[in-house]
Amino acid sequence: MKKNRQESLKGAGHWLLSMQNEDGSFASDFSLRRGRGGKFAEITGYIIPTLLDLGLKENARRAGQWLLSVQNRDGWFDFWAKPGAPMVFDTAQTIFGFLSLYREFSQSQFLTAAQKAGDWIIQQQEEDGSWIKYAYNKIPHTYYARGSWALLALWQATGEEKYKNCAIRQLDW
């Protein structure tokens, strides 16, 4: 049974790597008709911890370097289908990748990028705790609790209460 699990994990890793672009980014999707979709920061961000778990450290680092290269100076990431359109959820998902890379390589640039993303997310929060302005279709979504999870991970990494407080406000919403 253990051998089958290892083979499955190896196969999953190979499939993930087939979706990684030369620059380190990951495709948004794959179609047998069209091939790979566009480069997607959200997916790249949340795949990084999996790459590290699979021992694919250099692929994870390349993905992180790509994220650093496309992060807006204010900290946000855009929606792949609308370049230049900031997205709270997409930005939050990059935090998972940056924190994993920081833990793995102890390079402050990854923690700094996660904090920039978190600070931007905090600035976008509505009074009621939701995110609307840079939310998909400009409506609040309960699945943005995964963004709160990223902020809580950032709070654990930094000890900065502002990330925890923002996450709790969204979860209370």
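The values are calculated or read from the model by the stated rules, or taken from the named source; none is laboratory data. Remember, it's a predicted structure, so these values are computed and weren't measured experimentally. No Cβ is skipped: glycine too gets one built from the backbone with ideal geometry, and neighbour counts run over all protein chains shown. Remember, those area values only see protein heavy atoms, side chains included, never the ligands or the DNA or RNA. Shrake-Rupley method; radii C 1.70, N 1.55, O 1.52, S 1.80 Å.
To put it simply, the accessible area of the stretch 1-109 at a 1.4 Å probe is 52 percent carbon and sulfur. Computed over the chain with a Gaussian network model linking Cα atoms closer than 10 Å, the most mobile of Lys138, Lys116, Lys39 is Lys138. Between Thr158 and Lys57, the FRET efficiency from the beta-carbon distance, with R0 = 35 Å, is close to 0.90. Dipole of the stretch 1-48 computed with +1 at Lys/Arg Cβ and -1 at Asp/Glu Cβ about the Cα centre; of Gly37, Ser18, Gln6, farthest Cα towards the positive end is Gln6. Its Cα centre serving as origin, the stretch 1-104 has a Cβ charge dipole (Lys and Arg +1, Asp and Glu -1) of approximately 400 debye. Loop-located trypsin sites (Lys or Arg not before Pro) in the stretch 46-109 (DSSP state not H, G, I, E or B) with no more than 16 neighbouring Cβ atoms inside 10 Å: Arg73.
Please find, in a Gaussian network model of the chain (springs between Cα atoms separated by less than 10 Å), the residue of Thr50, Thr91, Thr142 whose mean-square fluctuation is greatest. Checking each option, the largest mean-square fluctuation is seen for Thr142.
How far is helix 88-105 tilted off the main Cα axis of the chain, in degrees rounded to 10, range 0 to 90? Rounded to the nearest ten degrees, it is 60. Annotation: the stretch 67-112 has a Kirkwood hydrodynamic radius of 11.0 angstrom, from the mean reciprocal C-alpha pair distance. At q = 0.09, 0.13 Å⁻¹, what is the base-10 log of I(q)/I(0) for the stretch 35-168 according to the Debye formula with one equal point scatterer per Cα and no solvent? Please give it to two decimals. After summing over all Cα pairs, the log10 values are -0.23, -0.48. Each of the peptides 153-160, 92-99 was scored by the mean count of other Cβ atoms within 10 Å over its residues; in descending order, highest first, they stand as 92-99, 153-160. Checking every one of the GluC sites (Glu not before Pro) in the stretch 1-49 against DSSP loop status and a limit of 12 other Cβ atoms within 10 Å picks out Glu22. Seen from a random direction on average, the alpha-carbon convex hull of the stretch 90-173 projects onto 4.8 square nanometres.
At full extension, Arg34 and Lys133 could sit 32.4 nm farther apart than now, given 0.36 nm per residue minus the alpha carbon distance. Amide hydrogen proximity for Phe79: with H placed 1.01 Å from N in the peptide plane, the residues at 5 or more positions away or on another chain lying under 5 Å are Gly84, Ala85, Met87.
Projecting the Cα positions of Phe89, Ile139, Gly159 onto the charge dipole of the stretch 85-173 (unit charges on Cβ atoms of Lys, Arg, Asp and Glu, taken about the Cα centre) puts Phe89 furthest along the positive direction. By how many degrees, between 0 and 90 and to the nearest 10, does the Cα long axis of helix 145-158 differ from the longest principal axis of the chain? That works out to roughly 90 degrees. Qualifying GluC sites (Glu not before Pro) in the stretch 77-149, where qualification requires a DSSP coil assignment and no more than 16 other C-beta atoms within 10 Å, comprise Glu126, Glu127. Axis of helix 57-70 versus longest Cα principal axis of the chain: the two differ by about 40°, to the nearest ten degrees.
Summarising the label geometry, the points placed 7 Å from Cα in the beta-carbon direction at Thr142 and Lys3 lie 4.6 nm from one another. Under a 5 Å amide H cut-off, with hydrogens placed 1.01 Å from N, Arg36 pairs with Ser31 among residues at least 5 apart or on other chains.
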